[in-house]
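Below you'll find the structure, written out as structure tokens, and then a few comments.
The values are calculated or read from the model by the stated rules, or taken from the named source; none is laboratory data. What you are looking at is a predicted structure, and each value in this text was computed from that prediction instead of being measured. A quick note on method: Cβ atoms are made from the backbone with ideal geometry, for glycine too, and the neighbour counts reach across all protein chains shown. For accessibility, only protein heavy atoms count, side chains too; no ligands or nucleic acids. Shrake-Rupley method; radii C 1.70, N 1.55, O 1.52, S 1.80 Å.
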Amino acid sequence: MGARKSGGFCLRAKPTSARNEKPKASYRMTQAYYSAVLDHPLNDVWSLIRDFNNYPAYIDGVSESEIEDDKGGDEVGAIRRFCYLGNWIRQRLVDHSDRQHTLTYAGLEAIPYPQDDGGPSPAPTRYQGTMHLRPIVEGDRTLIEWSVALETEAADSERWKALFASWIPDWTDSLARTLARTRPR
């Protein structure tokens, strides 16, 4: 599959394994969750997000994306490599269902915490996210549920959860803006 671009640029970053990571500590699972109603029919929303490689089309800050090894964007096991806000990220599609309108992805490398206040940053986290769409009959709208399970050092779990709890609504709002622009009602 070809690369998808939406403009902007992405710096080549060192692989996560080359960064200085903290030694193993006790880990905790936590989850960030968000749901919203999108004022568009389920089939319109699903047709936009079902292709794992379509991220630049609906997430602000994603400048390009490509599927490795010539797999399809709806093929479980496909790996997308995308540039988000100047950072390269790789994720594997671990579940995809046109019938259930769900897709689940997992980060292949632990992601570092973004620099915030110059203080000590939490250790990198591993994560797995799920997007699930449900039809809302009244008004022909869609309920989107987006959750991200995080494996973090115990001391860092609340900061990571809060960060993803702020990101997921932003990503959902970006999706809603794209739908309003490309599929006006």
Worksheet item: Of all accessible surface on the chain at a 1.4 Å probe, what whole percent is carbon and sulfur?
Response: 49
Worksheet item: When the Karplus curve 6.51 cos²θ - 1.76 cosθ + 1.60 is applied with θ = phi - 60°, which whole-Hz ³J(HN,Hα) does each residue of the stretch 135-146 get, with x for Gly and Pro?
Response: x, 10, 4, 5, x, 6, 10, 9, 8, 10, 10, 10
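What FRET efficiency would be calculated for the residue pair residue 126, residue 170, taking the C-beta separation as r and a Förster radius of 25 Å, to the nearest 0.05? Before the final figure, lay out the partial values.
On the way: r = 21 Å, r/R0 = 0.85.
So the FRET efficiency works out to roughly 0.75.
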Worksheet item: Relative contact order for the stretch 52-110: what is it in percent, counting Cα pairs under 8 Å that are at least 6 residues apart?
Response: 24
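Could you report the chain's accessible area per residue, 1.4 Å probe, as an integer in Å²? Kindly include the intermediate steps, with their values, before the conclusion.
Details: 9750 Å² over 185 residues.
Accessible area per residue, the chain: 53 Å².
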Worksheet item: Hey, any idea what Rg/Rh is for the stretch 97-185, computing Rh the Kirkwood way over Cα pairs?
Response: 1.06
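Report the net charge of residues surrounding residue 179, where surrounding means a beta-carbon distance below 12 angstrom and charges are Lys +1, Arg +1, Asp -1, Glu -1.
Details: positive: 141, 177, 181, 183, 185; negative: 39, 44, 173.
Residues near residue 179 contribute +2 overall.
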Fill in: Selection from 54, 36, 88, by position along the positive dipole direction of the stretch 36-95 (Cβ)
88
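Restricting to Cα pairs below 8 Å that are 6+ residues apart, what does the relative contact order work out to for the chain? Please round to a whole percent. Before the final figure, lay out each step's value.
Details: 381 pairs, mean separation 50.4, N = 185.
Relative contact order of the chain: 27 percent.
Normalised by the empirical 2.2 N^0.38 Å for globular proteins, what value does the Cα Rg of the chain take? Numbers along the way, then the final one.
Working: Rg = 16.7 Å, N = 185, 2.2 N^0.38 = 16.0 Å.
That ratio works out to 1.04.
I want the local charge near residue 34. Using Cβ-Cβ distances under 12 Å, sum +1 for each Lys or Arg and -1 for each Asp or Glu among the other residues.
Details: positive: 161; negative: 145, 170, 173.
Surrounding charge for residue 34 is -2.
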Worksheet item: How far is helix 157-182 tilted off the main Cα axis of the chain, in degrees rounded to 10, range 0 to 90?
Response: 30
Item to complete: Output ³J(HN,Hα) for the stretch 75-87: one whole-Hz value per residue in order, computed from phi by the Karplus curve 6.51 cos²θ - 1.76 cosθ + 1.60 with θ = phi - 60°, and x for Gly and Pro.
Response: 9, 4, x, 4, 10, 9, 10, 9, 9, 10, 6, x, 10
Worksheet entry | Highest-MSF residue in the chain out of 154, 32, 110 [GNM, Cα springs under 10 Å] | 154
